[in-house]
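In what follows, a single structure is set out as structure tokens and then discussed.
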Amino acid sequence: MKKTIKEQKSVLIILLSNIFIAFLGIGLIIPVMPSFMNIMHLSGKTMGYLVAIFAVAQLLMSPLAGRWVDRYGRKKIIIIGLFLFGVSELIFGLGTNVSVLYLSRILGGFSAAFIMPGVTAYVADITSVRERPKAMGYISAAISTGFIIGPGIGGFIAEYGIRMPFYFAAAIAFLACILSIFILKEPLTKEQLAEISANTKQTNFISDLKRSLSPLYFIAFMIVFVLAFGLSAYETVFSLFSDHKFGFAPKDIAVIITISSIFGVIVQVFLFGKMVDKLGEKKIIQLCLVIGSILAAASTLISSFLAVLVVTSFIFLAFDLLRPALTTFLSKAAGKEQGFVAGMNSTYTSLGNIVGPTIGGILFDVNIHYPYLFAAVIMVIGFGITVMWKEKQLVESLAK
């Protein structure tokens, strides 16, 4: 019988810290991106490409990382991911031209492809089906907490130099890597890993992708794609939009993101498990898509700081609840193939993160309102997809 969450608190803390650190690094740079954009004379399109290239790298590596999680173990993949993340942040901080920034973002994408499925599969291994929604909620809360502390720390550290936040992110990533080496233990035995690996060793990226395209898989993974698409299109231009339209300083942007993230974390930690029990994953996903689309469109009409703060808080909350609801459902249905499903989850997330920022950045150069309207339309399409989603059929398919 698996131990309860309380009985393995130290392991969960390390796992959550690893996810937290990865997203702290992302959060650190959000307030300084408009300044970075102005100093290096980058267009909205280039900023979109820098986000998209991260996702391209994550996309290419995710299927491999998903299989390696099942073959070589969760711990090794997590450690490699943290090391790569530290290197990528260090390179970005040292970069003085766009080509170096692209190299950094590619390594960052590789690191995300390792960390996310590694941690998700590890948590799924050590938690019972009953406690898994709570654990996945904690993962999402750790992601949001990275955004909470990240912008605030980033805005403060940037006072000592615009590149300092990147060096700080690199330092804590290397620290997390070292701690994980000594504290984490592989949750599966060599025999269990060998059994899972033997069942999936004939697969490759193409076969994994084809498998994910079967009608029952495809609906769920398309929702993953739409979520990432809409979220990345919105988030990529948020700081640029706030800077260009309202003249918000890095400090103002940090305050909005921090308060929004705190709100999201409180709801996730204290209410997400109860919401899943009462509504189920599908209804939560549908509700969040509807709310997100309405508020994304409303973002183009507001002007005051308070209005931006309120609307942004609820948009981020919708996205924060969408992520664990979908991840929980997929992890429940995945059985022993946590690596494959987590890898495909990451793959479709990457696809959305490629297209969303690219189009968002291009649209931003045309009209600063268009990326938000575009994100709203995509979320409406996502809602339409969920109407076709049959949970029982998908669970049965994944359980085979």
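Within the set Phe20, Phe36, the sole residue that is buried (at least 24 other Cβ atoms within 10 Å of the Cβ) and either under 30 Å from Leu188 (Cα atoms) or in contact (Cβ under 8 Å) with a residue 40 or more places away in the chain (or both) turns out to be Phe20.
Here Phe248 meets each of (1) closer than 26 Å to Ile368 by Cα; (2) of a type outside the set (A, V, I, L, M); (3) part of a helix (DSSP H, G or I) with one exception, condition (3). Looking at the structure I just gave you, is Lys245 modelled with pLDDT of 75 or more, under 23 Å from Thr127 (Cα atoms) and of a type in the set (D, E, K, R)? Answer is no for this residue. On the stretch given as the range 266-301, residues that are out of contact with any Asp or Glu (no Cβ under 8 Å at 6 or more places or on another chain), closer than 22 Å to Ser232 by Cα and in contact (Cβ under 8 Å) with a residue 40 or more places away in the chain total 12. Would you confirm whether or not the range 68-83 contains a residue that is free of Cβ contacts under 8 Å to residues at least 12 places away in the same chain and not in a helix (DSSP H, G or I)? No; the residues of the range 68-83 include none that is free of Cβ contacts under 8 Å to residues at least 12 places away in the same chain and not in a helix (DSSP H, G or I). Considering Gly118, Gly48, Gly137, the condition of being small (Gly, Ala, Ser), buried (at least 22 other Cβ atoms within 10 Å of the Cβ), at pLDDT 80 or above and assigned to a helix (DSSP H, G or I) is satisfied by Gly118 alone.
Given the structure, is Leu351 assigned to a helix (DSSP H, G or I), modelled with pLDDT under 75 and under 26 Å from Gln268 (Cβ atoms)? When the stated conditions are applied, Leu351 does not pass them. Scanning the range 84-95 for residues that are part of a helix (DSSP H, G or I) and not hydrophobic (A, V, I, L, M, F, W, C) yields Gly86, Ser88, Glu89, Gly93.
The values are calculated or read from the model by the stated rules, or taken from the named source; none is laboratory data. A quick note: this is a predicted structure, and the numbers were derived from the prediction, not measured. Methodologically, a virtual Cβ is constructed for each residue, glycine included, from the backbone with ideal geometry; neighbour enumeration extends over all protein chains shown.
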